[in-house]
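The values are calculated or read from the model by the stated rules, or taken from the named source; none is laboratory data. Since we're looking at a predicted model, the values are computed, not measured. As a convention, Cβ positions derive from the backbone with ideal geometry for all residues, glycine included, and neighbour counts pool all protein chains shown. We work out accessible area using only protein heavy atoms, side chains counted, and drop any ligands, DNA or RNA first. Shrake-Rupley method; radii C 1.70, N 1.55, O 1.52, S 1.80 Å.
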Amino acid sequence: MQFDEFINSTKEDAPPQSLSEPLQAMWYARKGDWETAHNIAQSISSELGSWIHAYLHRVEGDLSNADYWYKRAGKPQFQGSTEAEADEIVNSIFK
């Protein structure tokens, strides 16, 4: 699967079964299901999982919590739109 296929899959009712946990979290985030995306992100114990977690708290508007997770991810707080950040996260997974 590539970026465009991932984006197209978000038009479906359920994620493709082959998605990794990070892609599952981002799939649900793109669908607007913050709770499911957050639950998945909490189980990903890596810098990528922390970045996704930071992104989700940024979407939520909880910037202090987002800052904590950006630090755990080793990343500065993203300065662009949340949509641009979502694209960057997903693209980083496919690299």
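Peptides 24-34, 4-14, 79-89 ordered by packing proxy, namely the average of other Cβ atoms within 10 Å per residue, highest first: 24-34, 79-89, 4-14. The simple spin-label model puts a point 7 Å past each Cα toward its Cβ; for Ser81 and Glu47 those points are separated by 2.8 nm.
I'm checking a number: the convex hull volume of the Cα atoms of the chain, normalised per residue, in Å³. What is it?
Each residue corresponds to 91 Å³ of Cα convex hull volume.
Applied to the stretch 28-35, the Karplus parametrisation 6.51 cos²θ - 1.76 cosθ + 1.60 on θ = phi - 60° returns per-residue 3J(HN,Hα) values of 5, 4, 5, 7, x, 9, 4, 4 Hz, with x for Gly and Pro.
Counting only other residues whose beta carbon sits under 15 Å from that of Asn91, what net charge do I get with K and R as +1, D and E as -1?
Local charge sum for Asn91: -3.
The magnitude of the dipole of the chain, with charges of +1 and -1 set on the Cβ of Lys/Arg and Asp/Glu and taken from the Cα centre, is near 280 debye. Over all orientations, the stretch 1-43 has a Cα convex hull whose mean projected area works out to 2.7 square nanometres. Each residue of the stretch 42-49 was assigned a 3J(HN,Hα) from its phi angle through the Karplus curve 6.51 cos²θ - 1.76 cosθ + 1.60 (θ = phi - 60°); the sequence is 4, 8, 9, 9, 8, 4, 4, x Hz, with glycine and proline shown as x.
Here the scattering of the stretch 40-91 is modelled by Debye summation over its C-alpha atoms, one equal scatterer each and no solvent; at q = 0.14, 0.25 Å⁻¹ the log10 of I(q)/I(0) is -0.27, -0.92. Dipole orientation for the chain: of the candidates Ala37, Tyr68, His53, Tyr68 has the Cα lying most toward the positive pole (charges on Cβ; Lys, Arg +1; Asp, Glu -1). In the context of the full set of protein chains, residues of the stretch 14-95 present 53 Å² of accessible surface per residue (probe radius 1.4 Å, heavy atoms only).
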